[in-house]
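Structure first, then comments.
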Amino acid sequence: MLADILQNTPLWVYAILAYVVTLGFRQSADHRRTLRRATLMPIAMAALSLTGLQTSFAHEPIALAAWALGLVVALLLARASGAWAGVRWLPHERLLFVPGSWMPLALMLGIFVVKFTVNVMLAIHPSLAIAEPFVTVTGLAYGAFSGAFVSRGIAMWLATRTTWRSTPA
């Protein structure tokens, strides 16, 4: 069955997977980014997960509630664990220093796997689109990945804000 699924997967899905892996590998090295560029990916990934959720479960309000819960829990966990520590604003360069991390790759692959799995399961069993446990778990997963990415964006903004406040005028 898995072989059938993989053989019938459109080629563009594999292209997206290759892009995600490439982008994730780039995040593994230390880099400098503008604030705008550094916060673009977290916003885009959260929007993509929400769009995926709405596309699959538009008529299930529990999906959005589960997404919001997953997002909030992930934000709180990221903050409590000190995730994204080491992000610093470099005022003379007006850039962010972002330490390399494999976490963005793991998160992007997580979203990819959830989206791929959900789409395959809905293609095989369309009735899952209204099954509350499936909808809820999917919403929580999308929300948790979104929260992890949004927490990264928040860390970027906080790094600049802290520096701007501590810099003498």
_Could you order the peptides 73-83, 13-23 from most to least packed, using the average number of other C-beta atoms within 10 Å per residue?_
73-83, 13-23
*Of the peptides 87-99, 47-59, how do they stack up when ordered by the mean number of other Cβ atoms within 10 Å, highest first?*
47-59, 87-99
*Between [x] 2.06; [y] 1.14; [z] 1.04, which matches Rg/Rh (Cα atoms, Kirkwood Rh) calculated for the structure shown?*
[z]
*Roughly what angle does helix 132-166 make with the longest principal axis of the chain, taking Cα atoms, 0 to 90 degrees, to the nearest 10?*
10 degrees
*Under a point-charge model restricted to the Cβ atoms of Lys and Arg (+1) and Asp and Glu (-1), what is the dipole moment magnitude of the chain relative to its Cα centre, in debye to the nearest 20?*
920 debye
*Using a basic spin-label model with each label point 7 Å from the Cα along Cα→Cβ, how many nm lie between W102 and F25?*
1.5 nm
*Is it possible to state the helix-based mean residue ellipticity at 222 nm for the chain, with each DSSP H run of 4+ residues giving -39500 (n - 2.57), the sum divided by total residues, to the nearest 500 deg cm²/dmol? What is it?*
-25000 deg cm²/dmol
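Taken together, the values in this text are just the output of simple stated rules run on the coordinates, not laboratory data. The model shown is predicted, which means the values in this text are computed figures rather than measured ones. Ideal geometry is used to build each Cβ from the backbone, glycine not excepted, and the neighbour counts take in all protein chains shown.
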